[in-house]
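Below is one structure; the comments refer to it alone.
Laboratory data are not the source of any read-out in this text; all were calculated from the coordinates shown. Note that the coordinates shown come from a computational prediction; the quantities given were computed from them, not determined experimentally. Every residue, glycine among them, receives a Cβ derived from its backbone with ideal geometry; neighbour counts consider all protein chains shown.
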Amino acid sequence: MAQLATFAGGCFWCIEAALAQVRGVSQVVSGYMGGSSANANYRAVCTGTTGHAEVVQLTYDPAQVSFELLLEMFFHLHDPTTLNRQGNDIGTQYRSEIFAHDEAQLETARQFISTAQADFDAPIVTAISRASTFYPAESYHQDYFNQNPQQSYCAYLIAPKLAKFHRTFNTALRHTSAAAERS
């Protein structure tokens, strides 16, 4: 039975591009979660005043990929020790957060962070919250990397991350996308 996982780790384009290639992940949707506004959209979320984070929401098959492996991949794709920032993206909308969809995910996330802390020199600041209303991002944000591989942000920031992601998690990937062929 398919399950959901929702992660915030900076700009959603990079996280989406990588996790969409994971065997067992059937859908990845960029969007917004965690805010107080009843309507989230890119323009409003970018102001940093809605409380939402840019997130990716995955539909995955736990028989093919575990939530713990997805957490490991998520931590590989961003810096969980920087508060409200990933690279040049600054603001609460770029925070590191795991939105748990059930008690099992909540406990797994807590245990994962506790264990992972030994791998980092600085404290992990990734928040763990219960999933709330998910607002899909505008259509032009969906599958952004594959639709815009020559765009400078994609070419200089996302492509190198994807190449490293492929080297690290090669055996867990589907290898069917153009990005996989380029790395």
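Here are some notes:
- Pairs of alpha carbons in the stretch 1-67 whose separation is greater than 15 Å (percent): 51 percent
- Using only side-chain charges placed at the Cβ, +1 for Lys and Arg and -1 for Asp and Glu, the dipole size of the chain relative to its Cα centre rounds to 320 debye.
- In the stretch 3-178, one over the average inverse separation of all distinct C-alpha pairs is 16.1 Å, which is the Kirkwood hydrodynamic radius.
- Difference of contour (0.36 nm per residue) and Cα-Cα distance, L83 to D61: 4.9 nm
- Share, in percent, of DSSP beta bridges within the chain that are antiparallel, nearest 5: 85 percent
- Of the residues Q150, A172, S26, the one whose Cα sits farthest towards the positive end of the charge dipole of the stretch 26-183 is Q150 (charges of +1 on Lys and Arg Cβ, -1 on Asp and Glu Cβ, taken about the Cα centre).
- Between L69 and R43, the modelled labels are 4.2 nm apart [label points 7 Å from Cα along Cα→Cβ].
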